[in-house]
Amino acid sequence: MSSGSGSELANKLIQNWPQDVLSLAKQIRLAIFDVDGVLTDGGLHFTDDGREIKSFNVRDGLGLKWLNENGITVAIITGRTSLIITERMAQLGIDHVYQGRMDKLETYQNLLQALNLDDSQVVYTGDDIIDLPVMNRCALPVAVRDAHPLVLQQARWVTEREGGRAAAREVCDLLLAAQGILPRLLDKYR
């Protein structure tokens with residue numbers, strides 16, 4: 001890591017983000033992510049015997065763990081169902097994993113009720129049309145750079161990276177920096 005304190009490094013990141021997005025990020029208590037196209041590159045890969053293979057970015061994984069360990073609940077809402085998702089989210093300690101949910105808004109509303117949260121406390125990161133109903137409700141709708149054009153239009157913030165290429169980590173860093181947590185985490189690794 002380059003020289004400088006965690007605060008200096010976090011401030012360099014913050015300079016690149018709009019103030020309105022940082023203000024919204026300060027209030028977030030729940031970070032929801034789609035999987036295919038956000039935590040993965042959206043490609044579907046199968047072995048000859050029909051088993052599905054997904055590739056997850058380790059930087060995203062660390063960011064998701066940091067959120068969970070620092071008071072920001074992480075949830076997954078995905079339209080597909082896969083044992084690989086179950087296994088990866090268990091490795092990361094993510095308890096709120098909802099698969100096979102084509103109606104993501106219903107799942108979103110139930111999750112908010114269960115966690116006693118409201119729209120103003122939620123960021124949702126998506127990439128395709130199925131994500132729009134939740135993005136239209138949450139405080140901070142985020143799209144990965146290679147999202148569908150309609151999703152890009154709806155997003156309040158767009159990541160610099162594409163889905164599956166550490167775009168989710170950008171969202172994690174944004175939240176952690178806006179809430180003043182990132183400097184302490186970066187100082188651990190100086």
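What follows is calculated from the coordinates using simple rules that are stated; it is not laboratory data. Being a predicted model, the structure only gives us computed values, none of them experimental. Note: ideal-geometry Cβ built from the backbone for every residue, glycine included; neighbour counts use all protein chains shown.
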Between residue 114 and residue 190, what length comes free when the chain is fully extended (0.36 nm per residue of separation minus the Cα-Cα distance, one decimal in nm)?
23.5 nm
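Relative to the present Cα-Cα distance, how much length would full extension add between residue 95 and residue 58 at 0.36 nm per residue of separation? Don't jump to the answer; show the numbers that get you there.
Numbers: separation 37, 0.36 × 37 = 13.32 nm, distance 1.84 nm.
Result: 11.5 nm gained on full extension.
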Mind sorting out which of (1) 10, 39, 37, 13, 2, 0; (2) 9, 33, 39, 17, 2; (3) 10, 36, 35, 17, 3 is the real P(r) over Cα pairs in 10 Å bins from 0, in percent computed from the coordinates?
(1)
Starting from the Cα of residue 17, step 7 Å toward the Cβ, then list every residue of region 61-99 with an amide N under 20 Å from that point.
61-76
How big is the gap, in Å, between the Cα center of region 1-36 and the Cα center of region 59-84?
17
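Please identify the trypsin sites (Lys or Arg not before Pro) of region 11-71 that satisfy two criteria: DSSP loop assignment and at most 11 other Cβ atoms within 10 Å. Which are they?
Details: sites: 12, 26, 29, 51, 54, 59, 65; in loops: 29, 51, 54.
The qualifying sites are 51.
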So which aspartates and glutamates pass the test for residue 54, namely a Cα distance under 16 Å, with those fewer than 8 places away in the same chain ruled out?
34, 36, 41, 87, 162
Check cross-link reach from residue 12 to the lysines: straight Cα distance under 23 Å, and skip same-chain residues fewer than eight apart.
26, 65, 188
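Pop the C-beta distance of residue 27 and residue 51 into the FRET formula with R0 = 30 Å and round what comes out to the nearest 0.05.
My answer for the efficiency is 0.15.
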